[in-house]
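Encoded as structure tokens, the structure appears first; notes follow it.
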Amino acid sequence: MTRGFFILLAFQLVGEVAARGLGLPAPGPVIGLALLVVALSLHQRWRPLDEEALAESDLGKAARGLLAALPLLFVPAGVGVVQYMGLLREYGLALAMALVVSTVATLLATVGVFLLVKRLTGAKGEA
Amino acid sequence: MNPFRLWVYLQTTPLFWLTATLAAFLVADALAKAAGRRPIVNHVLIAIALLGGLLKLTGTDYQTYFNGAQFVHFLLGPATVALGVPIYTNFALVRRNVWPLAAALLIGATVAIASAVLVAKAFGAPRAVLIALAPKSITAGVAMAVTEALGGAPPLTAVLVIATGILGAVIVTPSWTRSASPTTPRAASPWASPRMASAPRAPSRSIRSPACSPASPWDLTPSSPRR
């Protein structure tokens with residue numbers, strides 16, 4: 001568990017340093033995420049790493065534990081909305097309209113494009 | 001020790017608001033469970049409302065609250081990195097559909113951002129609100145980081161992401177569960193819905209649920225639409 005948590009923190013640290021040091025537009029944890037996926041793919045090249053082995057590794061356990069608690073982790077930042085109640089009240093209608101229109105449009109566009117391109121490229125296998 | 005001094009002590013230690021955060025979450029989760037986990041009864045939103053009410057009731061400012069709650073908040077960073085594990089696990093699925101997914105991600109992300117910002121702008125929302133709104137379709141942890149990088153208000157984004165997730169689930173769930181094959185339990189879950197339009201829900205039940213293209217700087221965590 002300690003080792004798994006260390007790996008996650010180390011990737012976040014590298015991500016933060018890269019984001020700030022190189023002035024990258026993506027947030028540090030997101031760069032850490034991308035680097036972790038790359039590292040796992042590279043690891044796979046010289047030592048096969050099946051799904052089960054990964055899930056049972058220190059990293060897999062730490063990741064599973066943290067992700068199970070993910071909804072809780074949004075709460076402290078979300079409570080910060082108390083500082084913006086004025087804005088929310090004033091632009092509540094604008095935000096509600098934006099959310100509804102955008103969610104419907106995005107769902108249709110995403111599924112539509114996916115199906116269209118899948119048909120065009122004739123990709124095989126289950127989606 | 002008189003009650004007032006005790007309260008002053010509790011305000012200065014992180015312990016009180018940290019405990020309150022976990023307590024509010026447990027209460028909210030129990031409520032959501034009692035409501036049959038309908039998407040409209042969102043436990044994160046309820047926990048936020050409970051704590052917001054408690055802050056108001058006790059006249060506590062957000063900074064004091066956050067001094068305690070920051071220990072939970074800090075874990076959001078490593079948890080975001082941890083999303084790399086399920087993404088990697090689902091990579092084979094992503095690779096099989098790489099072009100449809102890449103196209104859907106590109107167009108979907110553009111539509112998500114542009115439509116939300118344009119509609120809110122038409123209703124006269126100021127720049128600060130538009131920034132908080134733009135990343136609303138990304139998973140909450142990443143969305144807040146993006147808003148922060150853009151100089152916006154992450155808490156506003158958190159609430160908008162959750163609202164988007166509820167909307168997405170309400171819109172998609174009926175058609176989704178109908179079209180899902182009974183042999184695929186993942187598809188029967190409302191959270192296995194196309195996550196492009198709304199990606200706030202953590203993979204709380206299954207570590208494998210979010211699949212996402214790491215090529216995109218936006219973590220859009222779509223699980224591939226299934227037909």
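The values are calculated or read from the model by the stated rules, or taken from the named source; none is laboratory data. These numbers were taken from a predicted model, which means no experiment stands behind them. So basically every Cβ, Gly included, is an ideal-geometry build from the backbone, and we count neighbours across all protein chains shown.
Taken over the range B:112-127, the criterion of being closer than 19 Å to A:Glu90 by Cβ and either outside any helix (DSSP H, G or I) or facing another protein chain (nearest Cβ under 7 Å) (or both) is satisfied by B:Ala116, B:Val119, B:Ala120, B:Phe123, B:Gly124, B:Ala125, B:Pro126. Report yes if some residue within the range A:38-54 is facing chain B (nearest Cβ under 7 Å), of a type in the set (Gly, Ala, Ser) and closer than 30 Å to B:Pro154 by Cβ; otherwise report no. Scanning the range A:38-54, I find no residue that is facing chain B (nearest Cβ under 7 Å), of a type in the set (Gly, Ala, Ser) and closer than 30 Å to B:Pro154 by Cβ, so the answer is no. Of the residues making up the range A:4-36, those that are of a type outside the set (A, V, I, L, M, F, W, C) and either closer than 17 Å to B:Ala79 by Cβ or within 9 Å of chain B (Cβ to nearest Cβ) (or both) are A:Gly4, A:Gln12, A:Gly15, A:Glu16, A:Pro25, A:Pro27, A:Gly28, A:Pro29, A:Gly32. Inspect the range B:52-60 for any residue being closer than 29 Å to A:Leu8 by Cβ and surrounded by fewer than 20 Cβ atoms within 10 Å (Cβ to Cβ) and give the result as yes or no. No, that holds for no residue.
Look at (1) in a helix (DSSP H, G or I); (2) of a type in the set (A, V, I, L, M); (3) buried (at least 16 other Cβ atoms within 10 Å of the Cβ) and you find that A:Leu9 fails only one, number (3). Scanning the range B:1-45 for residues that are within 17 Å of A:Ala69 (Cα to Cα), in contact (Cβ under 8 Å) with a residue 60 or more places away in the chain and loosely packed, with under 14 Cβ neighbours inside 10 Å yields no hits at all. Can you confirm whether B:Leu10 is part of a helix (DSSP H, G or I), within 9 Å of chain A (Cβ to nearest Cβ) and at pLDDT below 95? Judged against the criteria, B:Leu10 is not a match. With respect to being facing another protein chain (nearest Cβ under 9 Å), within 28 Å of A:Lys61 (Cα to Cα), under 14 Å from the mean Cα position of the chain (by Cα) and outside any loop (DSSP other than H, G, I, E, B), B:Ala47 fits the description. Say whether the condition of being at the interface with chain B (Cβ under 7 Å from one of its Cβ atoms), over 30 Å from B:Leu18 (Cβ atoms) and not β-branched (Val, Ile, Thr) is met by at least one residue in the range A:80-93. Checked the range A:80-93: at least one residue is at the interface with chain B (Cβ under 7 Å from one of its Cβ atoms), over 30 Å from B:Leu18 (Cβ atoms) and not β-branched (Val, Ile, Thr).
Apart from one condition, B:Ile162 fits all of (1) surrounded by fewer than 21 Cβ atoms within 10 Å (Cβ to Cβ); (2) at pLDDT below 90; the exception is (1). The set of residues in the range B:131-155 that are more than 9 Å from every other protein chain (Cβ to nearest Cβ), in a helix (DSSP H, G or I) and more than 11 Å from A:Val30 (Cβ to Cβ) comprises B:Ile131, B:Thr147. The set of residues in the range A:15-40 that are more than 19 Å from B:Glu148 (Cα to Cα) and in contact with a helix residue (DSSP H, G or I) (Cβ under 7 Å, 6 or more places away or on another chain) comprises A:Leu35, A:Leu36, A:Val37, A:Leu40.
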